[in-house]
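Report on the structure given below.
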């Protein structure tokens, strides 16, 4: 009988902490990692990681791995992992190493027939898509891991644990050291005692949502020394009316695009020009509305987070930064 793992690497502010595992004694053995918000983190999670490593070690051949998103493909590339399948992407450049690897469709809707034909041992996907993809993966004879890419810390915890599972600890530790070195130097220039209040709008063609502290951009704002005016216990995005936004009185408004950035920017410009309420926001009055670079501020953590943080530091703390809206 094939074991199936639902091994989810969840958000960690510190990349050296681990989460909890809920084990369900049904016909499928699942390892479901939950948010490490209590002191009970540790042993159960370690057992889940150890079990996954044992599966890899007991295999008679190299694990056949599929990466279903560009972000995960980048992680696999940095860890020097071989792939048998990789997502398509119309936006991001995929690692050259995988140029001849079978394409299995876009991250949000991978082709299950292609995946099944590749007969993978492991499918790696972002946990933001777990509700959509887990039921589909349960029909495939494979193990899977949903990685938390909602934060930089989550990405590096994923790297640490994948390195352990697949015998790439040297590569993983090198990446973690690079992050620590970068961020230690970066935060020396940040005044964490005087955090500007920030509101983040995530634009879709025709509408927009509020990005909370749990979103990737929200995490970047926190790392950059800003204070997100919208917090939630677990949701990444909220549907909020402008009247409620006004009560938050943000110092800075950041505008990002989930897709079609030119269309989204035009939508934002039209709304800010035509909707009278925006002129009452301090951020608008003070010319503190900024459009974020589309390639740096997506839905999932990527290795270009360093460039994203540098862009944010100019916006949050450099008074001479020109308004990108103009």
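Quick notes on this one:
- The set of residues in the range 89-107 being closer than 26 Å to residue 216 by Cβ and part of a loop (DSSP other than H, G, I, E, B) consists of 89, 90, 91, 92, 93, 94, 95, 101, 104, 105, 106, 107.
- Residue in the range 84-92 that is within 24 Å of residue 150 (Cα to Cα), out of contact with any helix residue (DSSP H, G or I) (no Cβ under 8 Å at 6 or more places or on another chain) and without any contact (Cβ under 8 Å) to a residue 24 or more places away in the chain present: yes
- Considering residues of the range 67-83 that are without any contact (Cβ under 8 Å) to a residue 24 or more places away in the chain and in contact with a strand residue (DSSP E or B) (Cβ under 8 Å, 6 or more places away or on another chain) only, the residue surrounded by the fewest Cβ atoms within 10 Å (Cβ to Cβ): 82
- Residue check, residue 170 over 20 Å from residue 126 (Cβ atoms) and either modelled with pLDDT under 95 or part of a helix (DSSP H, G or I) (or both): yes
- Matching entry among 110, 120, 63 (being in contact with a helix residue (DSSP H, G or I) (Cβ under 7 Å, 6 or more places away or on another chain) and either assigned by the TED database to the domain that holds residue 154 or part of a loop (DSSP other than H, G, I, E, B) (or both)): 63
- Residue in the range 134-142 that is within 18 Å of residue 55 (Cα to Cα), touching a helix residue (DSSP H, G or I) at 6+ places or on another chain (Cβ under 6 Å) and free of Cβ contacts under 8 Å to residues at least 40 places away in the same chain present: yes
- Residue 156 in contact with a helix residue (DSSP H, G or I) (Cβ under 6 Å, 6 or more places away or on another chain) and either surrounded by fewer than 23 Cβ atoms within 10 Å (Cβ to Cβ) or within 19 Å of residue 307 (Cβ to Cβ) (or both): yes
- Inspection of the range 275-284 finds a residue satisfying the criterion of being in contact with a strand residue (DSSP E or B) (Cβ under 8 Å, 6 or more places away or on another chain) and without any contact (Cβ under 8 Å) to a residue 40 or more places away in the chain.
- Long-range neighbours under 9 Å by Cβ, at least six apart or interchain, first residue farther than 9 Å from residue 165 by Cβ within the range 46-58, second surrounded by fewer than 14 Cβ atoms within 10 Å (Cβ to Cβ): 47/23; 48/23; 51/3
- Residue within the range 282-293 that is under 28 Å from residue 179 (Cβ atoms), under 18 Å from the mean Cα position of the chain (by Cα) and at pLDDT 95 or above present: yes
The values are calculated or read from the model by the stated rules, or taken from the named source; none is laboratory data. Every value quoted in this text rests on a predicted model; they were computed, and no experiment measured them. Virtual Cβ from ideal backbone geometry, glycine too; neighbours counted across all protein chains shown.
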